[in-house]
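Before I ask anything, let me first share the structure, which is written out below as structure tokens.
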Amino acid sequence: AFLNAVLNEPDFLEGRTYTSFVDDRPHLTSVSTGRDRASRLLSLLADVTVNRPHGEPPPVPDPRKKLPPLPDGDPPPGSRQQLRELGPEGFARWLRERQQLQVTDTTLRDAHQSLLATRLRTFDMLAAAPHIARMLPELFSAEVWGGATFDVALRFLHEDPWERLERLREALPNICLQMLLRGRNAVGYTGYPDDVVRAFVEEAHAAGIDIFRIFDANNDIDQLRPAIEAVREAGAVAEGALCYTGDLSDPREDLYTLDYYMRLAGQLVEAGSHILCIKDMAGLLKAPAARRLIGALRQEFGLPVHLHTHDTAGGQLATYLAAVEAGVDAIDGAAAPLSGMTSQPNLSAIVAATDHTERATGLSLEALGDLEPYWEAVRSLYAPFEAGLRSPTGTVYRHEIPGGQLSNLRQQALAMGLADRFEEVERLYARCDELLGRIVKVTPTSKVVGDLALYLLSAGIEPEELEERPGDYDLPDSVIGFLRGELGTPPGGWPEPFRTRALAGRVEAATNGGISEADRKALEGEDRRAALNRLMLPGPAKEYESNRERYGDVSVVPTRAFLYGLETGEELAVDLEPGVRLYIQLEAMTDPDERGIRTLMLTMNGQPRPVDAQDRS
Ligand code: 3PY
Ligand code: ZN
């Protein structure tokens, strides 16, 4: 309403806008700074158009044109209504007793984290969400938040992750929303004080999360317990995860054995988990191991079992079928165009493989197929973030790199000029894992191994040299922090004498001793979300705040324009809010002046709006 009021002001309509435009009209500022919103978005679009940070736009149609018609009416009731009716305990029992195989759709979180460097924007999620609510109401849950999405939203997308969650909540009122929580590391990379974790969980639940999948990168129950308790206190569902590594079927395995996982599961149950999750982040769980592990977990504990995997080597549908035979209660999949390889198995293949059996999912293969063109077009738009992986890879059984990291590491290697030596990165990753004690590799411990491998490769150091004299090298901070125990204790204990040698003589970092009084106040204050962002991810939070200040809410800009800018003559429609639409067009652009400034001749709702932008090329 405010923006319309501004747009209808005579001066504005005639293009006579000036700095004091809003100041001169106090009746407008009493609502918000709407004129500002439009001009801030124009300056973003001008900047991207001039500098094209991601190159030329790929030749793909607007994904929204590929969506099927939205089915009439409200979304039918689904898992969310079940949860509301039964409460977390009853809901877990319901899950355990159901014969129908339950399915989590990871498209909006893990799939793009594992294939597109976590870059999927709220805009493209919201366009599909009403369809998902109406076409796939049988879903057990949609994983939409947590993991790296929080960091990436702030750091690279200039989006508020909390707003994303609230909007998704509204668009998906019938399906449980699920997030990935890294135990005490929450959605960051180091342990936070319990107060921070508790405040984060409360706030995430209030914003819309129903089910929290909680893991720790060392499978350390002490790191998991505070988060599990916080989730229970908030009244949400705690899905305690055991991170799977190695191969429990291998008779030579002496660390990550069936006994090891059963002990860990016992701790997760005792800590209060409602659901047990097997988190197979690298896709190492083979069919025979799945059969044994799931059979044993379901026999020993009364809890439902949820299986998560990545299809890096291509064999995980077989694992799922073995898991289904062993009685698994829920599994994870992604929309076909964002599935496979480092992502989750294809939802359609899961549905097809179980249809017309007693464990049929109830999901419609037809509906999944109808949504595929949309996701295919979306993926094409994000082409600059593809990791270049063209096929499944069997070497994952050697290096055990988690799906999300494998794509990321390829991008990092590319940026360091090591792209054509990726097999060496893989070899060194496996060696570094051995050096560090055969650890569980998942965020943030996987980053430790990856950082060390890239360091060795770029500095030309052989692992044997490092093993002998680790004190001689300027090791990455993450490696030192890990060896100091900042991420907890690894399941196999510390690698000695390597650890002692590596730490000898290094100056201790200041320890993070809880939370200051000022921070505690901030967590109890009005802007708790901003305080949480700042406490967990100070750099990205700052980045986000300065971008928000500069450009406003950029999540409303269609992705093509956000990533690639405007094309001359093409009209872009931006819905600032329901009922407030801007039509933006680029008429022409000047050459850069002596300071490198270009002027873009833009029109907004038909009115000329010249905007300057710095050409940084
Ligand atoms: C994350 O922590 O982001 C993960 O996806 C781990 O698998
Ligand atoms: Zn995953």
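How far, in degrees from 0 to 90, does helix 221-234 lean away from the longest principal axis of the Cα atoms of the chain, to the nearest 10?
That works out to roughly 50 degrees.
If I histogram all Cα-Cα distances within segment 521-575 using bins 5 Å wide from 0, what percent of pairs lands in each bin?
Answer for segment 521-575: a P(r) of 4, 16, 17, 18, 14, 12, 8, 6, 3, 1, 0 percent.
Report the semi-axes of the equivalent ellipsoid for segment 113-177 in whole Å, largest first, where each axis is √(5λ) for an eigenvalue λ of the Cα gyration tensor.
Values: eigenvalues 88, 28, 21 Å².
Calculated on Cα positions only, the semi-axes equal 21, 12, 10 Å.
Pairs 279/447; 286/441; 447/521; 441/542: which exceed 25 Å Cα-Cα?
Going by Cα-Cα distance, 447/521; 441/542 fall outside the 25 Å limit.
While we're here: Angle check, please: helix 34-51 long axis (alpha carbons) against the longest principal axis of the chain (alpha carbons), in degrees 0 to 90, nearest 10.
Approximately 70 degrees, to the nearest ten.
Sticking with this one: How many times 2.2 N^0.38 Å is the alpha carbon radius of gyration of segment 427-585? Show your work: numbers first, answer last.
Details: Rg = 23.2 Å, N = 159, 2.2 N^0.38 = 15.1 Å.
Taking N as the residue count of segment 427-585, the ratio is 1.53.
Calculate, in whole percent, how much of the Cα-Cα pair population of segment 496-617 lies beyond 19 Å. It would help to have the intermediate numbers written out before the result.
Details: 5089 of 7381 pairs.
Every Cα pair in segment 496-617 considered, those over 19 Å come to 69 percent.
Can you tell me, using C-alpha contacts under 8 Å and at least 6 residues apart, the relative contact order of the chain as a whole percent? Please list the in-between numbers first.
Working: 1132 pairs, mean separation 112.8, N = 617.
Normalised by residue count, the contact order of the chain is 18 percent.
OK, next. Can you give the Kirkwood hydrodynamic radius of segment 179-338 from its Cα pairs, in Å with one decimal?
Working: mean 1/r = 0.0628 Å⁻¹.
Mean inverse Cα-Cα distance, inverted, gives 15.9 Å.
Over the alpha-carbon set of segment 33-124, work out the extent along each principal axis and list the three values in angstrom, largest first.
On the principal axes, segment 33-124 reaches 58, 35, 28 Å in Cα extent.
Mind checking which of 219, 322, 307 is farthest towards the positive end of the chain's charge dipole, using Cβ charges of +1 (Lys, Arg) and -1 (Asp, Glu) about the Cα centre?
322
May I pose another question? Output the peptides 455-461, 550-556 sorted from most to least packed, where packing is the average of other Cβ atoms within 10 Å over each peptide's residues.
On the way: 455-461: 15.4, 550-556: 18.6.
Per-residue Cβ counts within 10 Å, averaged per peptide and sorted highest first, yield 550-556, 455-461.
Can you list residues from other chains, or at least 5 along the same chain, whose modelled amide H is less than 5 Å from the amide H of residue 103?
Hits under the 5 Å cutoff: 140, 141, 331.
Per the Kirkwood definition applied to all pairs of different Cα atoms, how many angstroms is the hydrodynamic radius of segment 249-384? Could the numbers behind the result be given before it?
Details: mean 1/r = 0.0624 Å⁻¹.
Over segment 249-384, the inverse of the mean reciprocal pair distance is 16.0 Å.
Quick one: divide the alpha-carbon radius of gyration of segment 250-313 by 2.2 N^0.38 Å and tell me what you get. Before the final figure, lay out each step's value.
Details: Rg = 11.8 Å, N = 64, 2.2 N^0.38 = 10.7 Å.
After normalising by residue count via 2.2 N^0.38 Å, the value is 1.11.
Any chance you could tell me what percent of the C-alpha pair distances in segment 346-437 go past 20 Å? If you can, show how the numbers build up before the last one.
Values: 2344 of 4186 pairs.
Cα-Cα pairs in segment 346-437 separated by more than 20 Å: 56 percent.
Starting from a Cα-only point model with no solvent, please compute log10 I(q)/I(0) by Debye for the chain at q = 0.05, 0.08, 0.10 1/Å.
With one equal scatterer per Cα and no solvent, log10 I(q)/I(0) is -0.23, -0.60, -0.93.
Let me ask you something else. How far is helix 287-300 tilted off the main Cα axis of the chain, in degrees rounded to 10, range 0 to 90?
Approximately 80 degrees, to the nearest 10.
I would also like to ask the following. Calculate log10 I(q)/I(0) of segment 393-504 for q = 0.18, 0.19, 0.22 Å⁻¹, where I(q) comes from the Debye formula with a single equal point scatterer on each Cα and nothing for solvent.
Relative scattering, expressed as log10 I(q)/I(0), comes to -0.86, -0.96, -1.29.
To one decimal place, what Kirkwood hydrodynamic radius in Å is obtained for segment 64-206 from all pairs of distinct Cα atoms? The partial results should precede the final answer.
Values: mean 1/r = 0.0617 Å⁻¹.
Answer for segment 64-206: a Kirkwood hydrodynamic radius of 16.2 Å.
What ranking do 439-446, 86-93 get when scored by the average of other Cβ atoms within 10 Å per residue, highest first? Kindly include the intermediate steps, with their values, before the conclusion.
Values: 439-446: 24.2, 86-93: 16.6.
Put in order of decreasing packing, that is 439-446, 86-93.
Hey, another quick one. Considering only C-alpha atoms, what is the centroid distance from segment 244-319 to segment 542-599, in Å?
47
Hey, another quick one. Taking every DSSP beta bridge that has both residues in the chain, what percent is antiparallel when rounded to the nearest 5? Each step should come with its number before you reach the end.
On the way: 19 of 52 bridges.
Expressed as a percentage, antiparallel bridges in the chain total about 35.
Could I ask something else about it? How large is the charge dipole for segment 503-617, taken about the Cα centre, if only the Cβ atoms of Lys, Arg (+1) and Asp, Glu (-1) carry charge, to the nearest 20 debye? Mind showing how you got there, number by number?
Details: 15 positive and 21 negative charges, 89 e Å.
Dipole about the Cα centre, nearest 20: 420 debye.
Mind pulling up the Rg/Rh value for segment 65-118? Radius of gyration and Kirkwood radius, both on Cα.
Numbers: Rg = 15.7 Å, Rh = 14.3 Å.
The Rg/Rh ratio comes out at 1.10.
Next question, about the same structure. Where does the charge balance sit around residue 382 when Lys and Arg score +1, Asp and Glu -1, over other residues with C-beta under 11 Å from its C-beta? Each step should come with its number before you reach the end.
Working: positive: 119, 121, 379, 560; negative: 124, 386.
Cβ neighbours under 11 Å give a net charge of +2.
Whose amide H sits under 5 Å from the amide H of residue 602, counting only residues 5 or more places off or on another chain, with H placed in the peptide plane?
Result for residue 602 returns 587, 609, 611.
Starting from the exponent 0.38 and prefactor 2.2 Å, build the expected Rg for segment 320-365 from its residue count and divide its actual Cα Rg by it.
Values: Rg = 10.4 Å, N = 46, 2.2 N^0.38 = 9.4 Å.
That works out to 1.11 for segment 320-365.
Every number here is computed from the coordinates shown, using simple stated rules; none is lab data. Quick caveat: nothing in here was measured; it's all calculated off a predicted structure. Here Cβ is always computed from backbone atoms with ideal geometry, including for glycine, and neighbour counts include all displayed protein chains.
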